[in-house]
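Just below is one structure, and these are the notes that go with it.
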Amino acid sequence: MASRHCPYCGIEYFVSSQLQRSDTLTFNANRVEIIYYTWSICPKCNKASFTLAGKHFDSPVYFSYPPASAMFLPDYIPAAIRQDYLEAVKIAGLSPKASATLARRCLQGMIHDFWNIKEKNLNAEITALKTHIPRIQWEAIDAVRKIGNIGAHMEKDVELMVDVDPGEAEKLLKVIELLFKNWYIAEHENQQLYAEIAQIAEDKENERKSGAVDSNGQ
C-alpha cells in the first residue's frame, strides 16, 4: 500500500490498487516514451489526481494534475524551510535536479532548527545526527544528501552528467514530508497532548479540593 496526500482537501490516505503502467505513444511522428502513469481517488472528497512521467527523445516529460500537490505545513515549522519545500514540489517535474537540491537544503534547515546541530557542512551534521534517530531514518537522510549533491555540486569531470528523474525527485520529497511528520508534527502533537493531560489533572485536583471545602463547610 502507498501513502498519498490529496491535493484538494489535504488528507493523507492509502491506496491498495493504483494504476501504474508503461506505454509508448506517438504524436506527429515524434516518439514519446511514457515511463509510468498513476492515478488515485481521494476517499474523502472523491476527486482524482494523476501523474505522468516519460521521455521525449532525451528530454524528460512530466505532468501532474493538479499541477502541484504539496503537503500542508503548519506555521510552527520555520517559514524558510516551508518555502524551500514548496519550491522543491513546484519544480520536481520541470527540473528534478534542482528539486533534489532544494530538498537537500530543506533537510539541512530542519537539522539546524529541530536538532540544533550546526557543523562545517551537511555531511558532518548528518554524522552528528546519527545517534539521535533510528538507523533506517538516518540512512534515508544521508541518501537525500547524496542525491541532492548532484545538483548542488559540479562533478570534477565537467563532461560527466548524472541526472535525477522526476520519480526520484518525488521520492526525496516524500522523505522530507515524512520527517516533517516524525519530527515537527509529532513533537507538536505530543506537547499538546501532554499539556491537555496536565490540565485535566489540575482541573480534577481543583474539583477535589473544592468538594472537600464544601463538605467541611456543611
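The values are calculated or read from the model by the stated rules, or taken from the named source; none is laboratory data. Just so we're clear, the structure is a prediction, and the values are computed from it rather than from any experiment. To get the accessible areas, we keep the full protein, side chains included, count just its heavy atoms, and leave off ligands, DNA and RNA. Shrake-Rupley method; radii C 1.70, N 1.55, O 1.52, S 1.80 Å.
Remark: for residue pairs 90/130; 120/181; 44/171; 97/171; 47/90, the C-alpha separation exceeds 22 Å in 90/130; 120/181; 44/171.
Protein-only accessible surface at a 1.4 angstrom probe places the residues 51, 127 in the order 127, 51, largest first. Only Cα pairs under 8 Å and 6+ residues apart enter the sum, and on that basis the relative contact order of segment 98-149 stands at 49 percent. Sequentially through segment 90-95, phi angles give Karplus couplings (6.51, -1.76, 1.60; θ = phi - 60°) of 5, 9, 4, x, 6, 9 Hz, Gly and Pro residues having no value and appearing as x. Entry note, segment 66-120: relative contact order of 28 percent, from Cα contacts under 8 Å with a spacing of 6+ residues. Residue-wise HN-Hα couplings along segment 166-183, as the Karplus relation 6.51 cos²θ - 1.76 cosθ + 1.60 with θ = phi - 60° gives them from phi, are x, x, 5, 4, 5, 5, 4, 5, 5, 5, 4, 5, 5, 5, 4, 6, 6, 9 Hz; Gly and Pro carry x.
A simple rule links phi to the HN-Hα coupling: the Karplus curve 6.51 cos²θ - 1.76 cosθ + 1.60 with θ = phi - 60°, which for segment 42-47 gives 5, x, 8, 9, 6, 9 Hz, with x for Gly and Pro. Proximity of backbone amide H atoms, modeled 1.01 Å from N, is registered between residue 50 and 65 at under 5 Å, excluding neighbours fewer than 5 places apart on the same chain.
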